[in-house]
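Taken together, the values in this text are just the output of simple stated rules run on the coordinates, not laboratory data. Just so it is clear, the structure is predicted and the values come from calculations on it, not from any experiment. Ideal geometry is used to build each Cβ from the backbone, glycine not excepted, and the neighbour counts take in all protein chains shown.
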Amino acid sequence: MQLDNTHIAVKERNLVDICDLSLHVMRHYWRPIVLTSLAGAVPLMVVNHLLIGWMMDLQYRDAYFYLDEGAAIARYVWDMSLLIAIEAPLASIFATAYLGQAVFVDQPQIRDVFRDVLRMFPRVAWCQLLVRGILPAWLLMWAVPRYGDFEFGIEGMLFLMLAAYAVLVRVFRPFINEIVLLERNPLRSRDPGSMTVARRSAQLHGPSSADLFTQGLGMSLLTVCLATAMFGTFVFLKGVLSNSWKVTPFMLLYAMPLACWLVAIYLNVVRFLRYLDLRIRHEGWEVELRLRAEAGRMAGKAF
């Protein structure tokens, strides 16, 4: 591994260039990216289906929304969208670890990626499940009475506030996965000078809060547009193949979440490249890599 010979060119880029480069990265590494992304997303899909899949059950809709089927659909789309928005960073942990290795290694081993993530999972669980609201979101959805009316207090207020909190934290502190999985900082340390996750996050994100907020707003709008376009593509394909343009419960149960998760895979690559760009801009990471590579070569010659 040569630190000054990376597979992704280490240089400053604007957000548009990063989005474009993300497509090239996905084209080149699409198999491992899809595999590692599904490893994180599939368990969450199952959890979400168990939590709110009953909202698309025909018996439920016949009992409560036989006069207004759209209300049941809107409820399901609302809850599922917020769940995926909160859970997306957790689903990306394996793909993030893979991309971190792919920058320097020709063909990273998937088993090494899974082993590294499992070793760091307690830190990931603390940062994502607890601090960033995933576990509270699951508990809220579990508290919703089954086969009942829309719970405005839980789904309309508490759940929305939790999702807004999770998104805002992600806007100002988007690179927590990279800090935990790639830089491997500890959560706590008895040494007051040790670089913990919280200190590293403040050091990395603090000077760029304004830029991160602007980029976060732009990425939020892009997320909504891409997810809508992806689901529209599925509806179009279904209409062409079956000659039926009705959005069925099957489409909402499976195609709608799939569209959101596919967009999340792409946005994870974008976030990783934004992380590299931030380190280049504010920490001179490309210079650090060259110096470390040269130091390694000099040490090798000395022996």
Translational diffusion coefficient, Stokes-Einstein: compute it for region 56-214 using the Kirkwood radius over C-alpha pairs as Rh, at 4 °C and 1.567 mPa s, and state it as an integer in µm² s⁻¹. 72 µm²/s
Once you put a point 7 Å from the Cα of residue 214 and another 7 Å from the Cα of residue 165, both along the Cβ direction, what distance in nm separates them? 3.0 nm
Between residue 121 and residue 190, what FRET efficiency comes out of the Förster formula 1/(1 + (r/R0)^6) with R0 = 22 Å and r the beta carbon distance, rounded to 0.05? 0.45
With no solvent and one equal point scatterer per Cα, compute the Debye intensity ratio I(q)/I(0) for the chain at 0.10 Å⁻¹ and report its log10, rounded to two decimals. -0.61
If one compares the long axis through the Cα atoms of helix 30-52 with the longest principal axis of the Cα atoms of the chain, the angle in degrees, nearest 10, works out at 40 degrees
Mean residue ellipticity (222 nm) of the chain, computed from DSSP H runs ≥ 4 via -39,500 (n - 2.57), nearest 500: -22500 deg cm²/dmol
At 10 °C and a viscosity of 1.306 mPa s, what translational diffusion coefficient does Stokes-Einstein give for region 147-194, taking Rh as the Kirkwood radius over Cα pairs? Give it in µm²/s as a whole number. 115 µm²/s
Label points 7 Å out from Cα along the Cβ direction at residue 147 and residue 203: separation in nm? 5.6 nm
Helix 209-242 axis, angle to the chain major axis (alpha carbon atoms, nearest 10°): 50 degrees
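Taking 0.36 nm per residue of separation and subtracting the Cα-Cα distance, what length does fully extending residue 20 through residue 46 add?
Computed gain between residue 20 and residue 46 is 6.2 nm.
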If Lys and Arg each add +1 and Asp and Glu each add -1, what is the summed charge of the other residues whose beta carbon sits under 13 Å from the beta carbon of residue 206? +1
Residue-span extension gain [residue 130 to residue 31] - 0.36 nm each, minus C-alpha spacing: 32.6 nm
R0 = 41 Å: FRET efficiency of residue 246 with residue 114, Cβ-based, nearest 0.05? 0.50
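Just order 31-37, 157-163 by mean Cβ neighbour count inside 10 Å, highest at the front, would you?
By packing density, highest mean first, the sequence is 31-37, 157-163.
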